[in-house]
Amino acid sequence: MGEQLVGGHVSAAGGVMKAFENAHAIGANFFQIFTQSPRAWKTNAIADEEIANFKQGLANQIHGLKGLVTHASYLINLASTDQDLFNRSQAALIDNLESASKLGARGVVLHVGSHKGSGLDSSLGGILSSLTRALESVDDSCQIFLENTAGQGGSIGVSFEELARIIDGAGSSERIGVCLDTQHLFASGVSYSTIEEADNVIKRFSEILGIGRLGCIHLNDSKAPLGSMKDRHENLAEGLIGADALSNLVSHPALLGVPIILETPGDGKGPRRSDVELARELVAKGQSRRGG
Ligand SMILES: [Zn+2]
Ligand SMILES: [Zn+2]
């Protein structure tokens, strides 16, 4: 049985080493960072010495931190029909995967992009070639975790089937995994308000994608209603999903050991210590309701 890994997205402003302190401050034993500004194309070259220190820190599990994922730039759109934007996206994906790999992250979480209503078929070729090229360019075990989306504006990855088409198309590489965001799942129209419904979500994930593909969970409550297709995160137990439903999902036995990462607003500065504690409680509560 894997150890429960719970943490949050933390700031790496002022240098990646700062992220260890920020993760420690919220009581995390797993964390997520950006390796560049998520809303700018300019990449942030991390100095070799800083990379070496960071990798050493991860290997030594300083502050009890057991692992890291990074989150790719939000500007990346591998489905763009604008050639310039597509080229920039392809280059940024390689950059982001390279940074993740150098830092020793398990993988980089990626929003594939948006077809803006034209459907996945027309953009699938570009997405697949970009993924393949990135994996070839950065040749180690670092993974790309495709994130499920809320679906707004034709964002790709709104269903497990869509994610499976991409993974199958990319030759089912072992280096492509999935990041399951609970808010995006809810906004895409999937309910898990009962244990039965939650079990059915994981059953479908297992059948369509394979549970082994699940690299991390983004645990967020929702400001937007079920099926609204809006990507709006809320603090745990304060949104429209609610504590019980989140607990139903994250306590599923197949998810034990899969890192849980909060991307909740807190007081405006991201997840707080109390939020990480609550996440651990939600897992424990669900497990006891399940009789485990
Ligand atoms: Zn997310
Ligand atoms: Zn989101």
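The values are calculated or read from the model by the stated rules, or taken from the named source; none is laboratory data. As the structure is a computational prediction, the values presented were derived from the model and not from experiment. With ideal geometry, Cβ positions are generated from the backbone for all residues, glycine too; neighbour counts draw on all protein chains shown. These area figures cover heavy atoms from the full protein model, side chains too; ligands, DNA and RNA do not enter into them. Shrake-Rupley method; radii C 1.70, N 1.55, O 1.52, S 1.80 Å.
Computed quantities for the displayed model
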read-out: Carbon plus sulfur fraction of accessible area for the chain, probe 1.4 Å, in percent; value: 50
read-out: Helix-only [θ]222 nm of the chain, DSSP H runs n ≥ 4, -39500 (n - 2.57) each, per residue, nearest 500; value: -12500 deg cm²/dmol
read-out: Kyte-Doolittle mean at least 0.0 and Cα axial length at least 18 Å: DSSP H helices in the chain; value: 121-137
read-out: Accessible area (Å², per residue) of region 196-253, counting only protein heavy atoms and a probe of 1.4 Å; value: 41
read-out: Among V158, G169, G268 the positive-end extreme of the charge dipole of the chain (Cβ point charges); value: G268
read-out: For the chain, share of DSSP beta bridges that run antiparallel, in % to the nearest 5; value: 10
read-out: Region 90-172: C-alpha gyration tensor shape, a/c 1.5 cut-off, then a/b vs b/c; value: prolate
read-out: Computed over the chain: relative contact order in percent, which uses C-alpha pairs under 8 Å that are six or more apart; value: 18
read-out: Around K269: net Lys/Arg minus Asp/Glu count, Cβ-Cβ under 13 Å; value: -1
read-out: Cα gyration tensor, the chain - rounded (a/c under 1.5), prolate or oblate; value: oblate
read-out: Spatial separation of Cα centroids for region 54-128 and region 206-271, in angstrom; value: 20
read-out: Protection proxy ranking of 19-31, 41-53 - average other beta-carbon atoms within 10 Å, highest first; value: 19-31, 41-53
read-out: Förster radius 45 Å - calculated FRET efficiency between K203 and T132 (Cβ-Cβ, nearest 0.05); value: 0.90
